[in-house]
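The values are calculated or read from the model by the stated rules, or taken from the named source; none is laboratory data. All figures in this text were calculated on a predicted structure; none of them were measured in a lab. Using ideal geometry, Cβ is built from the backbone for each residue, glycine included, and neighbour counts are taken over all protein chains shown. Calculation scope for accessible area: heavy atoms of the full protein, side chains included, ligands and nucleic acids excluded. Shrake-Rupley method; radii C 1.70, N 1.55, O 1.52, S 1.80 Å.
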Amino acid sequence: MTGLLTLSNGTAFKGHWYGKASAIQGEIVFFTGMTGYEEVLTDPSYKDQIIVFSFPLIGQYGIQSLYAQSDVIQVAGIIVSGLYEGPLPDGAISLAEFASSHEVPIFSDVDTRTLIQHVRDSGTMQSQLIHDSSSELEWQAMKTHFFSPIEETEEIQTIGCGSIHIGLIDFHYKSSILKELLKLDCKVTIVPYATPTEKLDSLELDGLLFSNGPGDPAALQQLLPIYRDWAERYPSLGICLGHQVLASAFGAKTTKLVYGHRGANHPVMNMQTKRVSMSSQNHSYVVENDSLTTIPFSVLYKNVNDDSIEGLIHDTLPITTVQFHPEAAPGPTDHLELFQQFLAVIHQQEGAKLYA
């Protein structure tokens with residue numbers, strides 16, 4: 001079966017269609033990692049996007065649920081240069097079978113080098129992926145807002161029984177973040193993002209981790225004063241969208257990158273130690289450097305490639321944020337220490353309370 005990918009700038013690509021005939025629309029983005037396609041496809045930060053993999057062969061080690069970041073495929077469509085269809089390790093299913101079970105199409109035999117160059121030149125844009133038997137869609141604006149401040153709160157769930165109790169503020173978190181906290185013997189309560197403050201305080205938490213999530217942090221604008229109140233009273237760590245949300249809550253501004261950072265090989269520099277390390281990233285928006293002049297945050301990390309902000313630290317409060325993913329999945333584990341540092345800060349705060 002064949003299909004057609006059309007970009008909003010008018011460029012079109014033909015390819016081979018795997019899966020149920022359909023027509024979908026979504027923001028087209030690309031991922032530069034050589035491995036990690038299972039983590040990418042199930043990462044909630046990619047919700048409703050059409051993902052292009054730059055590595056020329058995808059699917060060669062199949063799908064194993066151990067690495068899934070959520071229960072479902074989050075992307076709307078998958079584009080690859082070559083789809084592997086050979087033998088797989090025991091216990092793995094093929095990428096084509098996995099995508100089909102979630103009714104997500106795979107579009108293969110595409111010149112992904114040229115396609116990615118179009119995205120780099122024109123920026124991320126709306127795109128349509130249409131099976132040759134399906135009708136064209138009416139062009140819609142890109143979806144960038146995925147949250148409602150008045151959404152009904154979901155049931156609060158607690159996992160683990162460690163001595164430190166962390167509230168994981170859920171903007172659609174990656175499971176690898178939860179796994180890292182549990183590895184460090186934490187008790188973790190998953191807190192829906194619109195949870196009332198009274199309910200949050202009743203949980204007797206020791207610290208808050210503001211999670212990753214999809215889209216524009218401006219979608220949470222009405223909740224920012226609440227998040228600032230929480231962060232001023234609890235030691236806090238923000239990851240990806242959580243970084244943007246915390247910065248915005250204290251008055252910083254965010255802007256959208258031309259084509260975003262998505263890959264497992266992005267170098268960042270710690271501005272305190274001048275150490276350069278590799279990071280896993282997936283984001284479209286960044287905190288504007290000029291907006292930090294009037295808020296009590298200092299830059300902790302910068303991107304070596306484009307000098308964009310990759311992390312912040314509050315001048316007086318125990319608040320740290322990172323734009324990249326310290327839990328990796330996929331990617332390097334250079335920054336796993338950030339979880340331990342976060343827990344060390346919580347221990348210090350608890351100790352200070354005892355001797356106050």
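Given the structure, is Ile166 open to solvent by less than 60 Å² (accessible area, probe 1.4 Å), over 16 Å from the mean Cα position of the chain (by Cα) and more than 13 Å from Gly242 (Cβ to Cβ)? So that I can check it myself, show each step before the final result.
Numbers: open to solvent by less than 60 Å² (accessible area, probe 1.4 Å): yes; over 16 Å from the mean Cα position of the chain (by Cα): yes; more than 13 Å from Gly242 (Cβ to Cβ): no.
No.
When only residues in region 203-220 that are closer than 25 Å to His283 by Cβ and not small (Gly, Ala, Ser) count, which is most open to solvent (accessible area, probe 1.4 Å)?
Taking region 203-220 first, the residues closer than 25 Å to His283 by Cβ are 207-220.
Remaining after also requiring not small (Gly, Ala, Ser): 208-210, 212, 214, 216-217, 220.
Working: Leu208: 0, Leu209: 0, Phe210: 0, Asn212: 0, Pro214: 1, Asp216: 25, Pro217: 3, Leu220: 3 Å².
Ranking the candidates gives Asp216 first.
Return the pair list, or none, for Cβ contacts closer than 7 Å from residues in region 97-126 that are within 28 Å of Tyr285 (Cβ to Cβ) to residues that are open to solvent by 10 Å² or more (accessible area, probe 1.4 Å) and acidic (Asp, Glu), at least 6 apart or on different chains.
The qualifying pairs are Thr124/Glu27; Gln126/Glu27.
Here are some residues: Leu200, Leu181, Leu223. Which one is assigned to a helix (DSSP H, G or I), in contact with a Phe, Trp or Tyr (Cβ under 8 Å, 6 or more places away or on another chain), open to solvent by 10 Å² or more (accessible area, probe 1.4 Å) and not charged (D, E, K, R)? First the steps, then the outcome.
On the way: Leu200 fails: open to solvent by 10 Å² or more (accessible area, probe 1.4 Å); Leu181 fails: open to solvent by 10 Å² or more (accessible area, probe 1.4 Å).
Within the list Leu200, Leu181, Leu223, the selection yields Leu223.
Conditions (1) more than 18 Å from Gly36 (Cβ to Cβ); (2) open to solvent by 40 Å² or more (accessible area, probe 1.4 Å); (3) part of a strand (DSSP E or B); (4) not hydrophobic (A, V, I, L, M, F, W, C), marked per residue:
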{"residue": "Met278", "(1), (2), (3), (4)": "no, yes, yes, no"}
{"residue": "Ser284", "(1), (2), (3), (4)": "yes, no, yes, yes"}
{"residue": "Ser298", "(1), (2), (3), (4)": "yes, yes, yes, yes"}
{"residue": "Glu310", "(1), (2), (3), (4)": "yes, no, yes, yes"}
{"residue": "Glu327", "(1), (2), (3), (4)": "no, no, no, yes"}
{"residue": "Pro330", "(1), (2), (3), (4)": "no, no, no, yes"}
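Of all residues in region 231-254 being within 18 Å of His347 (Cα to Cα) and either free of Cβ contacts under 8 Å to residues at least 40 places away in the same chain or in contact with an Asp or Glu (Cβ under 9 Å, 6 or more places away or on another chain) (or both), which is surrounded by the fewest Cβ atoms within 10 Å (Cβ to Cβ)?
Taking the candidates together, the pick is Arg233.
Do we find that Gln69 is of a type outside the set (Asp, Glu), free of Cβ contacts under 8 Å to residues at least 60 places away in the same chain and part of a loop (DSSP other than H, G, I, E, B) in this structure?
On the way: of a type outside the set (Asp, Glu): yes; free of Cβ contacts under 8 Å to residues at least 60 places away in the same chain: no; part of a loop (DSSP other than H, G, I, E, B): yes.
In short, no.
Does Ser133 satisfy the criteria of being out of contact with any Cys (no Cβ under 8 Å at 6 or more places or on another chain), of a type in the set (Ser, Thr, Tyr), modelled with pLDDT under 95 and not in a helix (DSSP H, G or I)?
Answer is yes for this residue.
Just one of (1) surrounded by 14 or more Cβ atoms within 10 Å (Cβ to Cβ); (2) farther than 21 Å from Leu220 by Cα trips up Ser291, so point out which.
(2)
Among the residues of region 67-98, which ones are at positive phi and either open to solvent by less than 20 Å² (accessible area, probe 1.4 Å) or hydroxyl-bearing (Ser, Thr, Tyr) (or both)?
First pass over region 67-98, keeping only residues at positive phi: 91.
None; the set is empty.
With closer than 20 Å to Ser135 by Cβ, modelled with pLDDT of 95 or more and either β-branched (Val, Ile, Thr) or not in a strand (DSSP E or B) (or both) as the only criterion, which of Glu103, Glu39, Glu97 stands out?
Details: Glu39 fails: closer than 20 Å to Ser135 by Cβ; Glu97 fails: closer than 20 Å to Ser135 by Cβ.
Result: Glu103 is the single residue among Glu103, Glu39, Glu97 that is closer than 20 Å to Ser135 by Cβ, modelled with pLDDT of 95 or more and either β-branched (Val, Ile, Thr) or not in a strand (DSSP E or B) (or both).
Can you say whether Asp306 is more than 15 Å from the chain's Cα centre (by Cα), part of a loop (DSSP other than H, G, I, E, B), of a type in the set (D, E, K, R) and closer than 30 Å to Ser163 by Cα, as far as the supplied structure shows? Break it down into steps so the answer makes sense when it comes.
Working: more than 15 Å from the chain's Cα centre (by Cα): yes; part of a loop (DSSP other than H, G, I, E, B): yes; of a type in the set (D, E, K, R): yes; closer than 30 Å to Ser163 by Cα: no.
Against the criterion (more than 15 Å from the chain's Cα centre (by Cα), part of a loop (DSSP other than H, G, I, E, B), of a type in the set (D, E, K, R) and closer than 30 Å to Ser163 by Cα), Asp306 does not qualify.
Given the condition open to solvent by 30 Å² or more (accessible area, probe 1.4 Å) and either in contact with a Lys or Arg (Cβ under 8 Å, 6 or more places away or on another chain) or aliphatic (A, V, I, L, M) (or both), answer yes or no: does some residue in region 35-46 qualify? Give the derivation first.
Residues of region 35-46 open to solvent by 30 Å² or more (accessible area, probe 1.4 Å): 35.
Among the residues that remain, those that are also either in contact with a Lys or Arg (Cβ under 8 Å, 6 or more places away or on another chain) or aliphatic (A, V, I, L, M) (or both) are: none.
The answer is no, given that none of the residues of region 35-46 is open to solvent by 30 Å² or more (accessible area, probe 1.4 Å) and either in contact with a Lys or Arg (Cβ under 8 Å, 6 or more places away or on another chain) or aliphatic (A, V, I, L, M) (or both).
Could you list all residues from region 182-213 that are in contact (Cβ under 8 Å) with a residue 12 or more places away in the chain and either of a type in the set (Asp, Glu) or in contact with a His (Cβ under 6 Å, 6 or more places away or on another chain) (or both)?
Just the residues of region 182-213 that are in contact (Cβ under 8 Å) with a residue 12 or more places away in the chain, to begin with: 182, 184-197, 199-200, 203-213.
Selection gives Asp185, Lys187, Glu204, Leu205, Asp206, Gly213.
Taking the condition of being surrounded by fewer than 19 Cβ atoms within 10 Å (Cβ to Cβ), within 23 Å of Lys256 (Cα to Cα) and over 14 Å from the mean Cα position of the chain (by Cα), how many residues in region 47-63 meet it?
Within region 47-63, residues that are surrounded by fewer than 19 Cβ atoms within 10 Å (Cβ to Cβ), within 23 Å of Lys256 (Cα to Cα) and over 14 Å from the mean Cα position of the chain (by Cα) number 1.
Does Leu257 meet the test of being out of contact with any Cys (no Cβ under 8 Å at 6 or more places or on another chain), in contact (Cβ under 8 Å) with a residue 12 or more places away in the chain and either buried (at least 23 other Cβ atoms within 10 Å of the Cβ) or assigned to a helix (DSSP H, G or I) (or both)?
Values: out of contact with any Cys (no Cβ under 8 Å at 6 or more places or on another chain): yes; in contact (Cβ under 8 Å) with a residue 12 or more places away in the chain: yes; either buried (at least 23 other Cβ atoms within 10 Å of the Cβ) or assigned to a helix (DSSP H, G or I) (or both): no.
In short, no.
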